[in-house]
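Some notes on the structure that comes next.
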Amino acid sequence: SSSSSSSSSSTRSLFSSATSSIFVHGKSERKCFASASSAMTETSSIGDETPTYEDSPNILRKRFKSLRKRADAALEILNKTKLEKSKESLEMKQNDPDFWSNQTEAKKVTKELSFVQSQLRRAELVEATRDDVELSLEMLEEEPDSDGGDENKSGDEDYELLRTEAIQSSIKLNEMLSEFETEKMLGGKYDKLGSELFIYAGAGGTDAQDWAEMLERAYLNWAQKRGFKATITSRNKGEEAGIKSVTIEIEGTYAFGFLRSEKGTHRLVRLSPFKKGDSSRQTSFAAVDVCPLFEDESEEAGEMNIPEKDLEITTMRSGGAGGQNVNKVETAVRIRHIPTDITVRCDEDRSQMMNKAKAMVRLKAKLAAVLEQQRLQDVKEIRGDVVKAEFGEQIRNYVLHPYKVVKDVRSGWETADTESVLNGNFDPFMKEYLRFRATEEAAAQ
């Protein structure tokens, strides 16, 4: 039930040839990824397809030729030997008695070690799964057959067990490689970082506020499925239903890289649950914004200096359920960057000072993300970057009536499985957007 007008073979070919120069830096890595890209695309039509439980061993063998090329290319990029040396070096630093004397450097090393360990586990898993498929296929070849032919063995218990194992390992390997190849498209400066996700109700009244809450639930489910830690740091409820706005911190490697595809206006078309007896379709809008998750003392936050004269800082009473300070003392802080009109707000803490510090880090993260997106060198060059939650601005349409479809306006990817998407299955849209963006950037070169 899914299709994509942007995922044609020519698009994929264009992406493969452009990837090495766009996303990977350094001669050795560029050469390595160029060869990997060709390996990932030089396959037969059968090899390009996903393994299925209906596959015969002959079909599986043809598919495995493609999978093996992709696996070898991935292992070449991952470079287990280099990862093991990096792990050893970082662990030596961590075991130094004075390791925690410099908190900022210690956090950086710890985060880098965690990433190296995860990549090493990935390389070992790809290698082991590739070998499992190969062994299963070899054992299928050795199965006795008096008449010669896979079709004559079907129904034999050992044969079917081996065939099932080969298929399961092939599917697992294909999924791992697809995920790895997608991450190779995430070459932005901040793509590896966590992300702050902002959702705002737009035009559409109560329906829009309900729609914003539906998106909140969908993105929380998406984060959970990926094993990311999601924390709601600010939430403003609607008068009748739903929410006016919510801020979610999502911690996980590449969270920002994936969520960049979600920035923009999301449009919902449905029968309103709040207008009984009204059979007309209701259109609602919600805005989604993202920025990388900087830490107070992070290297990324320290890179950007913003002159005080460019800031407009205002304080106000926090919203929420109340408390000793909440709603009584002006602890909430809003900071507006005057030249760009980019504004952030923080009311999560009971201390105005802490809220101001968090708001400054958040503002730097938003400015840094826009700088990279617009390919600029200086904050002074930034153009307007406000997401407008209104008609004509949407990046994705979610239609629930009179038919069901979710379609991305940019990549053209669509699916009729609206329930799956609203339960957090955004990955196909994110991956197609990355391919779309790679094609656009290659064409602009």
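Computed from the coordinates by the stated procedures, all read-outs in this text should not be read as laboratory data. All values derive from a computational prediction rather than experimental measurement. FYI the Cβ positions are ideal-geometry reconstructions off the backbone, even for glycines, and counts take in every protein chain you see.
For every other residue with a beta carbon closer than 12 angstrom to the beta carbon of residue 243, add +1 if it is Lys or Arg and -1 if Asp or Glu, then tell me the sum.
Details: positive: 217, 235, 237, 244; negative: 210, 213, 216, 239, 240.
Result for the local shell: -1.
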Computed FRET value (nearest 0.05) for residue 239 with residue 271, which takes r as the C-beta separation and R₀ as 22 Å
0.55
Quote to one decimal, in nm, the extra length available between residue 374 and residue 400 on full extension: 0.36 nm per residue of separation minus the C-alpha distance between them.
5.9 nm
Can you give the extra length, in nm with one decimal, that the chain gains between residue 139 and residue 93 once fully stretched, where that is 0.36 nm per residue apart less the Cα-Cα distance?
12.0 nm
For residue 112 and residue 311 in one chain, what is 0.36 nm times their gap in residues minus the Cα-Cα distance, to one decimal in nm?
68.3 nm
Along the Cα-to-Cβ line of residue 295, 7 Å from the Cα, sits a label point; which residues in segment 101-130 have backbone N less than 19 Å from it?
101-119
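Net charge around residue 207, counting only other residues with Cβ within less than 9 Å of its Cβ (Lys, Arg = +1; Asp, Glu = -1)? Numbers along the way, then the final one.
Numbers: positive: 270, 275; negative: 210.
Net of charged neighbours comes to +1.
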Cβ-derived FRET efficiency at R0 60 Å, residue 53 paired with residue 341, nearest 0.05
0.65
